[in-house]
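Here is the structure we will look at, set down as structure tokens.
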There are 2 protein chains.
Amino acid sequence: MLYFITGNKNKFEEVRAIVGEVERLDIDLPEIQDIDPKNIIRAKLLEALKHREGEFIVEDTSLYLDCLNGLPGPLIKWFIKTIGNIGLADIAEKAGNNKAEAKTIIGYAKSRDEIYFFEGSVLGKIVAPRGDSDFGWDPIFQPDGYDKTFAQMSKEEKNKISMRKIAAEKFLVHRNRIKP
Amino acid sequence: MLYFITGNKNKFEEVRAIVGEVERLDIDLPEIQDIDPKNIIRAKLLEALKHREGEFIVEDTSLYLDCLNGLPGPLIKWFIKTIGNIGLADIAEKAGNNKAEAKTIIGYAKSRDEIYFFEGSVLGKIVAPRGDSDFGWDPIFQPDGYDKTFAQMSKEEKNKISMRKIAAEKFLVHRNRIKP
């Protein structure tokens, strides 16, 4: 059985729509401190493998600001919690560089020695907040080629171009190849 | 026996000079992702108690920028790694607010139910880097009432006023009180 470990129902539905046979596992795995999401994901997968039988996927979706040389990355939630979207947009504006990358990494583990990563990336820019959203930084991320922020798009519209979709599709290709 | 768990020899010597009977334990404990250092310290202490007999101290020294509403805090090492001291000083300058706090928290555990915290704080400002240092952000932190950055002070000079000294002294008072 394939389990997607996530506390986020929306993320689960988005991935299931692509991957198909997958179950949600809502367990709380410790998140180590790192700016490389692969290290964070790997630690979670190894922890899950300790406690359960099965195949697991864990995802990380992070925002990388060019003017901060890659910050906040996976530390995004602490930025949102402290300075918020307005604070982040303000830093980009004052730096005179609003280029950003939204990146999803899906980590997949069958065993401790078989861990694979799949990436999806969307380039865009950081703008003053527009639109409402469940997802923290959607109001300040405007993907290149669009005049709306993620928060101003419908769920369908966003999911069509999202970094999570790209990563999930790469994972699916891999999984279909290794299927018995 | 009292153990100070740290990979940093300088920190150990600074604390031993005040606390006296303490041994260094250089083991690698996972650092959880949080902006509250007490949560990070508590997780490390609980992990140490799982594996060893004894009393333990773990310290966290963090830098809090007023213009970032408390960031980077314990995430400071990732800021240094990505944007460096110059990047941090630049953010403070562009925000027009260079107020900062350097804070050490020492966590002490005898058992899972007996965990205590001791704080030492030094107020100051973020300046363009001056001086060399082993400690990452010493060149950009100038304590209030001084015209030197931490990096421009001798070790003795810095240790006399440091946030780590204040926290260690508070811990010592507590320890002497509970001693049999």
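Values for this structure:
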quantity: Order by protection proxy (mean Cβ within 10 Å, highest first), peptides B:40-48, B:167-175; calculated: B:40-48, B:167-175
quantity: Relative packing of peptides B:139-146, B:109-116, A:99-106 - highest average C-beta neighbours within 10 Å first; calculated: A:99-106, B:139-146, B:109-116
quantity: Debye-sum result for segment B:16-171 in log10 I(q)/I(0), which assumes one identical scatterer on each alpha carbon, at q = 0.08, 0.20 Å⁻¹; calculated: -0.24, -1.29
quantity: For segment B:47-100, fraction of C-alpha pairs farther apart than 14 Å, in %; calculated: 60 percent
quantity: Peptide B:57-69, shielding by other chains (average Cβ, 10 Å cutoff); calculated: 1
quantity: Degrees separating the helix B:163-178 axis from the principal Cα axis of chain B, which is the longest one; calculated: 20 degrees
quantity: Angle in degrees between helix B:37-51 and the longest Cα principal axis of chain B, rounded to the nearest 10; calculated: 30 degrees
quantity: Stokes-Einstein D in µm²/s, Kirkwood radius over Cα pairs - segment B:1-43 at 10 °C with 1.306 mPa s viscosity; calculated: 138 µm²/s
quantity: Average beta-carbon neighbours from other chains, 10 Å sphere, peptide A:87-100; calculated: 2
quantity: From phi via Karplus (6.51, -1.76, 1.60), per-residue ³J(HN,Hα) for segment B:83-100 in Hz, x at Gly/Pro; calculated: 9, x, 4, 5, x, 5, 4, 5, 4, 4, 5, 5, 6, x, 8, 10, 5, 8
quantity: Debye intensity ratio in log₁₀ form over the Cα atoms of the protein assembly as shown, taken at each q of 0.07, 0.08, 0.10, 0.11 Å⁻¹; calculated: -0.37, -0.48, -0.72, -0.85
quantity: Computed magnitude of the charge dipole of chain B (debye, nearest 20; Cβ of K, R +1, Cβ of D, E -1); calculated: 260 debye
quantity: At 0.692 mPa s and 37 °C, Stokes D of segment A:1-89 from Kirkwood alpha-carbon radius, µm² per second; calculated: 228 µm²/s
quantity: Cα gyration tensor category, rounded, prolate or oblate, for segment A:92-151 with a/c compared to 1.5; calculated: prolate
quantity: Hz values of 3J(HN,Hα) by residue in segment B:8-20 - Karplus curve (6.51, -1.76, 1.60), Gly and Pro given as x; calculated: 10, 5, 4, 4, 4, 5, 4, 6, 5, 4, 9, 7, x
quantity: Residue-averaged [θ]222 nm for the protein assembly as shown, counting only DSSP H segments that reach four residues, each worth -39500 (n - 2.57); calculated: -11500 deg cm²/dmol
quantity: Base-10 log of normalised Debye intensity for segment B:124-180 (one unit scatterer per alpha-carbon) at q = 0.13, 0.20 Å⁻¹; calculated: -0.40, -0.70
quantity: Segment A:1-116 - share of DSSP beta bridges that are antiparallel (%, nearest 5); calculated: 70 percent
quantity: Distribution of pairwise C-alpha distances over segment A:72-117, 10 Å bins, in %; calculated: 21, 38, 20, 16, 5
quantity: Residue-averaged beta-carbon neighbours from other chains (10 angstrom radius) around B:74-83; calculated: 5
quantity: HN-Hα J in Hz across segment B:148-160 - Karplus 6.51, -1.76, 1.60, θ = phi - 60°, x for Gly and Pro; calculated: 10, 7, 3, 5, 8, 8, 5, 4, 4, 4, 5, 4, 5
quantity: Order by protection proxy (mean Cβ within 10 Å, highest first), peptides A:53-59, B:19-25; calculated: A:53-59, B:19-25
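Just so you know, all these numbers are worked out from the coordinates, no wet-lab data involved. Fair warning: this is a prediction, and the values are worked out from it, not measured in the lab. Glycine gets a Cβ as well: all are built from the backbone with ideal geometry, and neighbour counts include every protein chain shown.
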